[in-house]
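Data block below; observations after.
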Amino acid sequence: MSRWGMAIDLAKCVGCQACSVACSMENTRVPGENWHKVIFMNEGETGTKKFTWYPRPCQHCTEAPCTKVCPVRATWKRKEDGVVLINWYKCLGCRYCVMACPYGVRCYPEVKPLLEPDIKEVYHGRRAKLWDPPYQLSREEQDGKRGTGIPPKGVVTKCTFCAHRTDRKEMTPDRDPVKDRDFTPACVIACPASARYFGDIDNPESEVSKRVERKGAYRLREELGTKPQVFYVK
Amino acid sequence: MKKGSSDNNNKRKKSFSVSRRRFLQVSGGVAAAGVLGVVSKKGIASTPPASEKKLPPVNLPIPETAIKKSVCHQCPGRCGIDVYVTDGKVHRIFGNPEHPISNGKLCPKGYFGTQILYDPDRFKSPMKRTNPKKGRNEDPKFVPITWDEALDTIAKRLKTLRDKGEAHRFALMFGRGWGASDVGTIETFGKLYGSPNVPIGHASMCSEGSKRAKKATEGNDSYSAYDYDNANYILSFGAGLLEAFRPLNYVIQKWGKLRDKSPRARITQVDVRKSTTAIAADRSLIIKPGTDGALALAIAHVILTEGLWNRKFVGDFKDKTNKFKTGETLDAKQFDEKWVAGLIEWWNAELKDKTAKWASEICRVSADDITVVAREFATGGPSIALMERGATTYPNGVYNGMAIHSLNALVGNMFAKGGIMYQMKPPYGALPANADDYIDGQVKSQAGKPRVDMAGTSEWPLAGTMLQEVAKNHLAGKPYKLDTAMFYLTNPIFSAPDCKKWEEALKDIFVIDTSPYPGETAMYDDIVVPDHTYLERYQDTPIYPTYGYPTTNLRTPAIQPLYDTKYIGDTIIEIGKRLGGKTGEYFNAIKDSVNVLKHLAKGFESAPGDNGVKDFKGWEEKGFWAKKPYHWKQVDGEFYEWDGKDYNKKMTPAEVKEKLLKTPSGKFEVKSNLLIQHAEYISKKHGIAADRVGFPQWVAPKYTGAGDLHLIVPKYAFHAEGRGANLPLSIEQFQPYVGGRKGTYLEMHPKTAIARKINEEDRVKITTPLGSIEAKVRYYEGCQEDVVVLPFEFGHWAMGRWAKGRGSANSNEIIENVSDPISGLASYNASLCKVEKI
């Protein structure tokens, strides 16, 4: 088996949010449609609060709850590389999957805009297209069957591990953000602290597997049995 | 082991049962995808049969995309960027992997470039004002004009002014001027036109304090370059290393490296609030605003009394025993100075009583913490002490800065491995004409006028520029009134302290703005001559002090300009041509900005860059010219110069004085000759004895206004050079901790808020003697109880559809225009205020 996975080194992460912005620009997201987000937290009792953060892409769960609730199987886990995708041609926009996701990574951009004026109106989309800004992926990179690029109206969207980039090359143990730039997720390329590692987590030789094997690696909400393919390491 | 697989048995069973059920579903999913594969001609849907285990599912061709080399423009960092252009549209920006600053990375702001280019509110052509009334609520009623009309109008106005003998009444104020082709052209224009006010830079509203602290102590009037790679300890005094320090991208890369190496380098952040830098650092010392100097002095005291200073750089007692004892004066004759001049005098006059306990009361951190940090700093090296605005935007800024910078001298890291350097300049070729040959008689007859901001006069003798004083001086007619003002990448009507003064001042000035965006200055414009955005133009950008060795980037247009705009360099050249006379002759010889760049690049012929760049064409292709190494190195108190192969050439004290430690003594001066030259002025302004002015010392910060809370106005990581306010994706994540997703909040400690009966999301009034502004509150325990934080970004009354009226109000409206008398840096963080619920 080969599965794409990501390791995020929280000791190196500085909370700059370059990953979030690079994701939003690469994938042309509207404000509030956060495929990737850095979650900032206060922990502990008042008076002795500790401040932390962690970056949160789609966890691409091995046991992805979102795929189970989809009435039309528009969202599925791609067997070849374990990436959870949405086929926008099939998606009904029922948003069951949004509710089912324990990590809050799925978005429905058709809701009330976060910021006024609505950017979707400023760059009004023709026909079924949700919006149509001058900056967007090239036509070849936009693919509704994998959910990359600008969605049609009324569908759920989510992180694809930048499938339009990773799919351009066959599976390799590692994706070096500099050497394999055109084949690597935008958030990995972007991270100035080099805190993110992307590669085949089933290949023990890959950098990402080695990082995951280190002491203290964990996954979010392990108790749910979702077995994310995104790991947090220190 | 993965934590998932090391879980207890129960859970494993549970997840296994899930996985069986999942198995069936997955098969279903694959079947569905298989069906799709039949339908689709290309794309991932053409999934191979389940039996075939290996990818690739697809081999989509990489679309035909041109990658253009350019330079980011959202901080002074000058990161080289790769701009992806497909079908004439920019759709992606990444760091240039070969570029020594960006190394293929960018900070979060870098990605906003595309939105900046396609900002729907951009000016689309030159325009003139038709509504003679000016004010916040006056519509300028711009009408489009041709470039010829715009340039002719400006040139005619300037010519008339000069013919009247009033060339000095034209001022050109600029912010982010970078290279020979923009600010270089502007400076030459000022020389030929004959106005001392062309240009007036914005450094006094930016970060002039650290430059002056360095000039006073070691003669380099510059920001520093740092050898982060080899550093083992970083002591940052209020520098927003992970938010606003320059170049942010480079600093974060180095931060990641410092965290990855074994053993990990340690970072201590001194700050007035829990910034992301303070949170990510190994240790944070949260101090009372403006007291960084006291902390630094106490650290110096500990280093000396515990005998931890670098003897090879600083020198030692003649008998090699440490005689620094708290409270005891020493005889200077007992000490052999090496590269630090005046140490014993400094000790006697200032340091001997500045114990950790003394500082702990002033700074509000424990004496033990100070002692520990001092020991770590002095023994865990190579160490760097650094600062910028955080420690210097107070009236005592330069003294704070000198105290901090002196720590670098005590551990001997000046020009050393893992220490501090200065930035070398690129070997540019000569321009086609020499401006000095074109100065006409008119200019000479009008020489000798003071600058309108009074920088360099007896008013501000040590300041290089005083942009924040222009409005005030114009209104008072002292030294004179301006007639015409031009702005390039600066918007003091929003960003200067007491910025409302500018709204009055610009009413009777003929205003020309070059911004491509409808900012506040533009609302007062008489003529708009919009610049290209940075992705549409050629420009050279020698780098900001970063790593020492010379580098200069070339911006090339990623796409043809979207609108009828013109690069500022060409606007100035065109105005120059239209002025006629000798000025016109000069600018005709210069021709245009690309011609300037081609001449600059001739300098590379004899010094090809490490990436092979030796002419304009190569510069354009690679996007930068860089040549390693940095030429100087200090090892164990000896200075060496690069001889072409290695650092073999030992430098004489005279050479060190000429090239590195450029003070009158040729040493690092903890008794500053520069300040002693201005003893009378400093003594009067700071109220300290004239014979003490030269020492890095504790001068209590004079806070402005009245109130019980310190108003701190930091820049956050998404502060994209003033354009962040109109970028939807910046607004959305601007203030990470308190979560302002639609604008900014006033960050307030819950105790402080509750004592004032202020709930989260309540609107409050922030009051200083200049007036009040409104803001919304969120609680943040990372604030000290007497500190409130309002990020500098929002509160625009123009600037575009998303910026206008968004978020809390502009803090600059209530920040008094008080500056550090030495550097002239505006005291942005020195305000005391009151906060009440509305």
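Every read-out reported here was derived from the displayed coordinates using simple, explicitly stated rules and does not represent laboratory data. What you are looking at is a predicted structure, and each value in this text was computed from that prediction instead of being measured. Methodologically, a virtual Cβ is constructed for each residue, glycine included, from the backbone with ideal geometry; neighbour enumeration extends over all protein chains shown.
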Cβ-placed point charges (K, R +1; D, E -1), dipole of chain B about Cα centre in debye, nearest 20: 2560
The stretch B:709-837: translational diffusion in µm²/s, Stokes-Einstein, Kirkwood Rh over Cα pairs, 10 °C, 1.306 mPa s: 107
Nitroxide proxy distance, nm - points 7 Å out along Cα→Cβ at B:Ala66 and B:Asp440: 4.1
Partner lysines for A:Lys215 [C-alpha distance under 16 Å; skip if fewer than 8 residues away on the same chain]: A:Lys12, A:Lys234, B:Lys2, B:Lys3
Distance violations [Cα-Cα > 26 Å] among B:Lys481/B:Lys591; B:Lys627/B:Lys659; B:Lys577/B:Lys602; B:Lys89/B:Lys109: B:Lys481/B:Lys591
Straight-distance crosslink candidates among lysines, where the alpha carbon sits under 24 Å from A:Lys169 and sequence neighbours closer than 8 are dropped: A:Lys77, A:Lys79, A:Lys145, A:Lys158, A:Lys179, A:Lys210, B:Lys41, B:Lys42, B:Lys53, B:Lys54, B:Lys68, B:Lys105
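Restricting to Cα pairs below 8 Å that are 6+ residues apart, what does the relative contact order work out to for chain B? Please round to a whole percent.
17
Under the definition of Cα pairs under 8 Å and six or more residues apart, what whole-number percent is the relative contact order of chain A?
About 29 percent, as a whole number.
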From phi via Karplus (6.51, -1.76, 1.60), per-residue ³J(HN,Hα) for the stretch A:27-37 in Hz, x at Gly/Pro: 9, 6, 8, 7, x, x, 8, 8, 4, 10, 8
For B:Ala296, net neighbour charge (Lys/Arg +1, Asp/Glu -1) across residues whose Cβ lies under 12 Å away: -1
Centroid-to-centroid separation of the stretch B:122-188 and the stretch A:120-143 [C-alpha atoms, Å]: 38
Three principal axis lengths of chain B [C-alpha, angstrom, descending]: 92, 80, 68
Placed amide H near B:Asp221: partners under 5 Å, 5+ positions off or other chain: none
Neighbourhood charge, 14 Å Cβ-Cβ cut-off, centred on B:Thr146 and excluding it, Lys, Arg +1 and Asp, Glu -1: -1
Amide N proximity, the stretch B:392-426 versus B:Ser222 label position 7 Å along Cα-to-Cβ, cut-off under 16 Å: B:414-416, B:419-426
Whichever aspartates and glutamates have a C-alpha closer than 13 Å to that of A:Lys120, once near sequence neighbours (fewer than 8 apart) are set aside: A:Glu33, A:Glu110, A:Asp132
Bins of 10 Å from zero: percent of alpha-carbon pairs in the stretch B:280-376: 16, 46, 28, 10, 0
Nitroxide proxy distance, nm - points 7 Å out along Cα→Cβ at B:Arg756 and B:Glu306: 4.0
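For every helix of n ≥ 4 consecutive DSSP H residues, a contribution of -39,500 (n - 2.57) applies; sum these over chain B, divide by its total residues, and give [θ] at 222 nm rounded to the nearest 500 deg cm²/dmol.
Computed ellipticity for chain B at 222 nm equals -8500 deg cm²/dmol.
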Footprinting exposure proxy for B:Leu475, B:Leu489 (fewest neighbouring C-beta atoms within 10 Å first): B:Leu475, B:Leu489
For the stretch B:453-468, Karplus couplings with θ = phi - 60° (6.51, -1.76, 1.60), whole Hz, Gly/Pro x: 8, 6, 5, x, 9, 5, 5, 9, x, 9, 8, x, 7, 9, 3, 5
Potential lengthening between B:Phe317 and B:Glu680 on full extension [0.36 nm per residue; Cα-Cα distance subtracted]: 127.4 nm
Convex hull volume per residue in cubic angstrom - Cα atoms of chain A: 139
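Quick one: order B:Lys214, B:Lys320 by neighbouring beta-carbon count within 10 Å, fewest to most.
B:Lys320, B:Lys214
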Share of pairwise Cα separations in the stretch A:49-151, more than 16 Å, in percent: 65
Alpha carbon centroid spacing (whole Å) that separates the stretch A:196-215 from the stretch A:155-194: 15
Efficiency of FRET between B:Asn230 and B:Gln560 - r from beta-carbon atoms, R0 51 angstrom, step 0.05: 0.70
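Treat every Asp and Glu Cβ in chain A as -1 and every Lys and Arg Cβ as +1, leave all other atoms uncharged, and give the resulting dipole magnitude about the Cα centre to the nearest 20 debye. It would help to have the intermediate numbers written out before the result.
Details: 40 positive and 29 negative charges, 92 e Å.
Computed charge dipole of chain A: roughly 440 debye.
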When the convex hull of its Cα atoms is projected in every direction, mean area for the protein assembly as shown (nm²): 42.7
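With n ≥ 4 as the cut-off for DSSP H runs, can you work out [θ] at 222 nm for chain A, using -39500 (n - 2.57) per run divided by the number of residues, rounded to the nearest 500?
Helix contribution divided over all residues of chain A: -3500 deg cm²/dmol.
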Helix runs (DSSP H) in chain B reaching 30 Å along axis by Cα, Kyte-Doolittle at least -1.0: B:9-39
Where the Cα pairs of the stretch B:673-780 fall when distances are cut into 5 Å bins, in %: 2, 10, 14, 14, 12, 11, 10, 9, 10, 7, 1
Whole-Hz ³J(HN,Hα) from phi, Karplus 6.51 cos²θ - 1.76 cosθ + 1.60, for the stretch A:10-17, glycine and proline x: 6, 6, 9, 5, 10, x, 7, 6
